Every structure is written in C-alpha cells, then in structure tokens.
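The values are calculated or read from the model by the stated rules, or taken from the named source; none is laboratory data. Here the structure is a predicted model, which means the values were calculated and not measured. Cβ placement follows ideal geometry from the backbone for every residue including glycine, while neighbour counts extend to all protein chains displayed. Accessible surface is based on the protein model in full, side chains and every heavy atom, while ligands, DNA and RNA are left aside. Shrake-Rupley method; radii C 1.70, N 1.55, O 1.52, S 1.80 Å.
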Amino acid sequence: MVEWTEKERSIITSIFSNLDYEDIGPKAICRLLIVYPWTQRHFSSYGNLYNAEAIQSNPNIAAHGVKVLHGLDRAVKNMDKIKATYTELSVLHSEKLHVDPDNFRLLSDCLSIVIAAKMGASFTPETQAAWQKFLAVVTSALGKQYH
Ligand code: HEG
C-alpha cells in the first residue's frame, strides 16, 4: 500500500489541473515512438509513422496521447487505490495488446521530459520526486498482470 504525503498529493493534483492534455499527451507519445522506434509495432494500424514528421502530424497518434492522459487522470482521482483502478487496463495491455511492461517506464520518462520542459523552473526536485513516485506506482499497477 502506497502512502502519499499531503505535499505529494497537492503536487500531483496541481500538475494535472494545469495540464493541457491536447498538447502534452501527443508530445509524450510522439517522443516514445521517435526515441524508442520499436514501440511503433503496437500502432501499425494508425497510419503513417514513416519518420518523426509523419508521427508528429499523425492525428491517430495525437488522439492516443490524449487518451493515455485520460487514463492517468483516473489514477490521480483514485490515488489510494491505483492498483484496483488499473485492473482492467493492466489486463488489456498484457493479455490483449502484449505491451512489454518496460515500455510503461519509457513512456513515463517521455512524459516527465515533456512536462518538465513545459513547467521550466517550477519543475523543482521536490516536484520531480512526487511526479516520479506517482508514475512508478502507475507503472507497477499497469504491470500487475505480468508478474
Ligand atoms: Mg496504453 C490503449 C492508457 C502505456 C499501447 N492505453 C490504452 C487505453 C488507455 C491507455 C486508457 C484505452 C483503453 C481502452 O480503450 O479501454 N497506456 C495507458 C497508460 C499508459 C499506457 C496510462 C502508461 C502510462 N500503452 C502504453 C504503452 C504502449 C501502449 C507504453 C505501447 C508502447 N495502449 C496501447 C495500445 C492501445 C492502448 C496499442 C490500444 C489502442 C487502440 O485500441 O487503438
């Protein structure tokens, strides 16, 4: 059972309340597909992923980035039961989509980079610590079906 301090809760909630899903979601998923090209195999039905420009202007990819953030905000709203909240998503990613759980960490890193770039100096070490903890809990919950 994960314990959250009030400070951690307020940092996570505040990041999400200031998050522009339509901007951050697409940027994070595009980074994943460009920096770690093997992750593209899951999106073969999404149309043109030929190069970075194609990925960044692909509306299906952009929409998926927004969808992932909506998935994450369910964890923010249920911070004390993230594992239970993600039971179905974990089954989907493992048994149906066969996403290697290591890819959750790669996407988390891309998301952190995009958010840090957006927040600039306000992405303090304390903010980073709370944010990384949140993503680690999410990643572990999503990977639950694998172990
Ligand atoms: Mg996943 C579907 C969330 C990582 C590939 N992902 C989804 C859906 C959500 C979601 C909410 C929609 C589920 C539904 O339709 O019921 N994904 C999500 C989160 C994270 C994550 C929160 C990690 C933070 N996903 C992830 C990674 C990959 C991946 C790393 C592949 C590298 N997701 C993936 C695919 C689908 C989803 C291929 C199905 C998309 C489709 O049906 O078009």
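Tabulated values for the structure
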read-out: Residue under evaluation GLY71, criteria (1) open to solvent by 70 Å² or more (accessible area, probe 1.4 Å); (2) under 14 Å from LEU19 (Cβ atoms), criterion not met; value: (1)
read-out: Only one of HIS93, HIS98, HIS42 that is within 11 Å of the ligand (Cβ to nearest atom), surrounded by fewer than 18 Cβ atoms within 10 Å (Cβ to Cβ) and at pLDDT below 95; value: HIS98
read-out: Residue count for the stretch 102-129, restricted to those that are assigned to a helix (DSSP H, G or I) and more than 15 Å from the chain's Cα centre (by Cα); value: 10
read-out: Odd one out for ALA75, checked against (1) at pLDDT below 95; (2) near the ligand (Cβ under 9 Å from one of its atoms); (3) in a helix (DSSP H, G or I); value: (1)
read-out: Tally of residues being more than 15 Å from the chain's Cα centre (by Cα) and within 17 Å of PHE104 (Cβ to Cβ) across the stretch 38-54; value: 5
read-out: Scan of the stretch 47-59 for residues that are surrounded by 13 or more Cβ atoms within 10 Å (Cβ to Cβ) and not small (Gly, Ala, Ser), ordered by number; value: LEU49, ILE55, GLN56, ASN58
read-out: Residue satisfying all of: in the stretch 101-128; touching a Leu at 6+ places or on another chain (Cβ under 8 Å) and among the polar types (S, T, N, Q); nearest to the ligand (Cβ to nearest atom) among these; value: ASN103
read-out: Per-region count, the stretch 24-39, residues open to solvent by 30 Å² or more (accessible area, probe 1.4 Å), β-branched (Val, Ile, Thr) and touching a residue at least 40 places away in the same chain (Cβ under 8 Å); value: 1
read-out: Filter result for LEU89 (assigned to a helix (DSSP H, G or I) and within 20 Å of GLN40 (Cα to Cα)); value: yes
read-out: First in the stretch 109-124 and under 20 Å from VAL137 (Cβ atoms), second anywhere and among the hydroxyl-bearing types (Ser, Thr, Tyr) and assigned to a loop (DSSP other than H, G, I, E, B), Cβ under 9 Å, 6 or more apart; value: CYS110/TYR36
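Each row is one residue, and each column tells you yes or no for (1) out of contact with any Pro (no Cβ under 6 Å at 6 or more places or on another chain); (2) polar (S, T, N, Q); (3) open to solvent by less than 60 Å² (accessible area, probe 1.4 Å).
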{"position": "THR13", "(1), (2), (3)": "yes, yes, no"}
{"position": "GLU22", "(1), (2), (3)": "yes, no, no"}
{"position": "ALA62", "(1), (2), (3)": "no, no, yes"}
{"position": "VAL66", "(1), (2), (3)": "yes, no, yes"}
{"position": "ILE115", "(1), (2), (3)": "yes, no, yes"}
